[in-house]
Amino acid sequence: MTILDGNKVSSDIKLEIAKQVEAIIERGEKVPHLAAVLVGTDGASMTYVNSKVKDCKMVGFGSTLIDLPEETTEEKLLEIIHELNTDKDIDGFIVQLPLPKHIDEQKVLMAINPDKDVDGFHPMNVGRMTLDLPTFISATPFGILELLERYNVETSGKHVVVIGRSHIVGRPMSILMSQKRNAGNATVTVAHSRTRNLAEITKQADIIIAALGIPEFLTGDMVKEGVTVIDVGITRVPDDTKKRGYRLAGDVHFDSVSPKSEYITPVPGGVGPMTRAMLLKNTLLARERHIL
Ligand code: NAD
């Protein structure tokens, strides 16, 4: 069993990016700049956004955090997005989801300039991804592809079962894995909340990508020997033994699944850090596109 070490690979990627930034500075050019918009005080969102800003500093990117109160109107948020769309100093920006209920998420995502949409959520970028055209692949699927590639996990002709069909993970993952690409060329099954006899399907999988958000859902009796397992789930499970009062749990029951696995990602330290690294990669890509 080999652990797909997202901490190590993401550190490697960050070092590679930092070197590219050094070269940019040596050439006297503008460094990449990421902006992040946070609306409200959701604990997990605040943690995510702060770590994104920290990552920028680590690799030498410029970063701007736009921290807005919960009661911010949709109109005001759209106004800020418009400013970011036209601000020449900002190469890419993200609007942290979820947004407060009074704001239409789709409307906001649609307002982002697709050339600065480093989260890759704009319909134009999703369409380009689907057609296998140059785009911003959203950070979590992009991170999973990169992890599989860097560990040379064979995917061609393999049966991949993706559990979950969300717009940000399951759906793009299923499309990408079936495309003609490195870490692709797979035969893909998408399972979701209405899937019947899921264990019968997962037992046939060479690779399982679990993205459903139910802690330790996938257990050892649901997988075959030699499976590769990518655990996307991150759920805060109350835990009094921890200082912060919770632990992070993945969608995979690691203790029963890992002995049967050829490769497996841990939680934490698997897909999470890869997601962070790939947002930086997309920001670098956005900057390169803008100067071309
Ligand atoms: P979501 O709630 O939008 O989607 C969950 C999907 O799981 C749905 O498509 C649903 O049909 C499916 N599902 C629910 N119950 C099921 C069941 N019993 N059997 C089969 N399928 C079922 O969630 P999401 O945004 O895709 O996130 C999934 C998990 O991944 C969450 O824990 C989230 O926190 C985590 N996540 C992690 C990262 C990361 O960087 N590691 C990034 C995004 C999301």
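The values are calculated or read from the model by the stated rules, or taken from the named source; none is laboratory data. Predicted model only: the values in this text are computed from it and were never measured. FYI the Cβ positions are ideal-geometry reconstructions off the backbone, even for glycines, and counts take in every protein chain you see.
Structure notes:
- Considering the conditions (1) modelled with pLDDT of 95 or more; (2) more than 14 Å from residue 287 (Cα to Cα), residue 56 is excluded by exactly one of them, (2).
- Some residue of region 197-206 being more than 28 Å from residue 11 (Cα to Cα), surrounded by 23 or more Cβ atoms within 10 Å (Cβ to Cβ) and among the polar types (S, T, N, Q): yes
- Test: residue 276 is out of contact with any helix residue (DSSP H, G or I) (no Cβ under 8 Å at 6 or more places or on another chain) and of a type in the set (Lys, Arg): no
- With respect to (1) touching a residue at least 60 places away in the same chain (Cβ under 8 Å); (2) part of a helix (DSSP H, G or I), the lone exception for residue 119 is condition (2).
- Test: residue in region 104-121 that is out of contact with any helix residue (DSSP H, G or I) (no Cβ under 9 Å at 6 or more places or on another chain) and away from the ligand (no atom under 16 Å from the Cβ): no
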